[in-house]
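Below is one structure, written out as structure tokens, with a few remarks after it.
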Amino acid sequence: MPTLSARGLAVPPSPIRKLVPLADAAKARGVKVFHLNIGQPDIETPAVMRDALRSFDEKVVAYSPSGGTDALRRTLLDYYAGIGVPLSPDQLLVTTGGSEAIHFGMAAAMDPGDVILVPDPMYANYISLAAVLGVTIVPVPTKVEDGYRLPLDWEPYLTPKVKGVLLCNPSNPTGAVYSADELQAVVDFVIRHDLYLFADEVYREFVYEGPLPPSLLTVPALGDRLVVVDSLSKRYSLCGARVGCLVTRNAGIAAGAMRLAQARLSPPLFAQLLGSKATALAADYFDETRETYRRRRDIVVDALQAMPGVVVARPEGAFYCMARLPVDDAEAFARFMLESFSHEGHTTMVAPGGGFYAQEGRGRDEVRIAYVLDEGELRQAMECLRLGLEAYNNR
Ligand SMILES: Cc1ncc(COP(=O)(O)O)c(C=O)c1O
């Protein structure tokens, strides 16, 4: 038998999804599972988008252009102009979710063996996608005690192999929103050392303290070293549609990403149809969503902080937090919650924290929690977590 590829074997299972069979088994036993393991919002997808799908009346479901349909591209270019980022059409590529934008951006810019610096903990799929591409992630440690602040001095992380920095702002999984000073330090570092900066801004609108931070695309000095990953998944509760985009002023990366896009033919047509309706949404569309998440955040964080031995920082953005639990092994605890625990017929599913760290050994007593359910359910989910912790530690 031929061997399996080393790169395929290096891809870890997703910490967000690997316990799903246990959740399915719990549901089969009649237990209701509160899914705090995955960033799947319960917010209604705007009706204008759902209606667009119903009124589709083409006789052929055809391929679209590799870079996206004209209608969606116009919508996205308008959206960017609205946030102070005028783009020319060749600077934007429609992708199959932000996931594909990360993949294409990294593939176009990085060779196997190149190093990318990423604040740790990080969105777990960065680790998987880097493994596929043979790119080495060097984790830049951040910690709950100071709210996951970034270093102001990046020089200690520089080696000859470093080719870029990847930032997620607001951050999944920590909920950190980086200050102007923190961002300036990264900007100065990448310019000083001629590096790429990958900015994952898929949670751009989800900021709960102060004004929305400007996109890094508004920083002229970054010029063609910036690659921005964006997605409609969270912004419009369109996760299942699979649509996002890659934005860069780097003509070489844009052209490379386009060649990759041509190799996968086109982004999904229906997703683009839905996404193109974003122009019909009211200017204050995000205000209500933002308030909803702010309240949910406070319910979850207040409940966690009241649990003995739990350490958590109040997230400033996105809709996640990392919580340190008083357990020996957070994955064993997450399994226990699904296999052996229920309270009034309910249990809570969380994502084991270790999978969000590139640094071996970190996150073993942490979980990532997504506050994506309504307030009543979140309260119940937190009560299950509190009682589950007691039961786990007394077993
Ligand atoms: C930080 C971050 N980037 C990218 C993605 C990819 O999202 P999608 O492929 O659905 O656009 C996600 C999804 O959770 C995310 O949290």
Calculated [θ] (222 nm, deg cm²/dmol) that DSSP helices of n ≥ 4 give over the chain, each run adding -39,500 (n - 2.57): -11000 deg cm²/dmol
Could you tell me whether segment 219-287 comes out rounded, prolate or oblate from its Cα gyration tensor? Rule is a ≥ b ≥ c as square roots of the eigenvalues, rounded for a/c under 1.5, then prolate if a/b exceeds b/c, otherwise oblate. oblate
Per-residue HN-Hα couplings for segment 170-176 [Karplus 6.51, -1.76, 1.60; θ = phi - 60°; Hz; x = Gly/Pro]: x, 8, 9, x, 8, x, 5
Report the accessible area of SER88, computed with a 1.4 Å probe over the heavy atoms of all protein chains in place, in Å² rounded to the nearest 10. 40 Å²
Amide H neighbours of HIS346 under 5 Å, at least 5 residues apart or on other chains, H built in the peptide plane: list them. LYS32
For LEU36, residues with placed amide H under 5 Å, excluding near neighbours: MET349
For ARG7, ARG294, write out the residues from largest to smallest accessible area, computed with a 1.4 angstrom probe and no ligands counted. ARG7, ARG294
Ordering THR159, THR248, THR3 by how much accessible area each has at a 1.4 Å probe, largest first, what is the list? THR3, THR159, THR248
For segment 198-208, what does the Karplus curve 6.51 cos²θ - 1.76 cosθ + 1.60, with θ = phi - 60°, yield as ³J(HN,Hα) per residue in whole Hz, taken in order and with x for Gly and Pro? 9, 10, 8, 10, 5, 9, 3, 7, 8, 10, 10
How much FRET efficiency would the formula 1/(1 + (r/R0)^6) give for ALA263 and LYS27, where r is the Cβ-Cβ distance and R0 is 41 Å, rounded to 0.05? 0.60
Extension length gain for TYR63 and ARG17 (0.36 nm per residue less Cα distance), in nm, is 13.5 nm
Put TYR63, TYR357 in order of accessible area, largest first, probe 1.4 Å, and you get TYR63, TYR357
How much solvent-accessible surface does GLU375 expose, in Å² to the nearest 10, with a 1.4 Å probe and all protein chains in place? 60 Å²
Give me, ordered by chain and number, the residues 5 or more places off MET122 or on other chains with an amide H under 5 Å from its own placed amide H. TYR357, ALA358
Based on DSSP H assignment, which helices of the chain show an axial Cα extent of at least 20 Å together with a mean Kyte-Doolittle hydropathy greater than or equal to -1.0? 375-393
To the nearest 10 square angstrom, how much accessible area does HIS35 have with a 1.4 angstrom probe? 50 Å²
Run down the aspartates and glutamates and flag those whose C-alpha is under 12 Å from the C-alpha of LYS234, throwing out any fewer than 8 positions away in its chain. ASP42, GLU44, GLU201, GLU205
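The values are calculated or read from the model by the stated rules, or taken from the named source; none is laboratory data. None of these values were measured; they are calculated from a predicted model. Note that we place each Cβ from the backbone using ideal geometry, even for glycine, and neighbour counts take in every protein chain shown. Heads up: the accessible areas ignore ligands, DNA and RNA and are worked out on the full protein's heavy atoms, side chains in. Shrake-Rupley method; radii C 1.70, N 1.55, O 1.52, S 1.80 Å.
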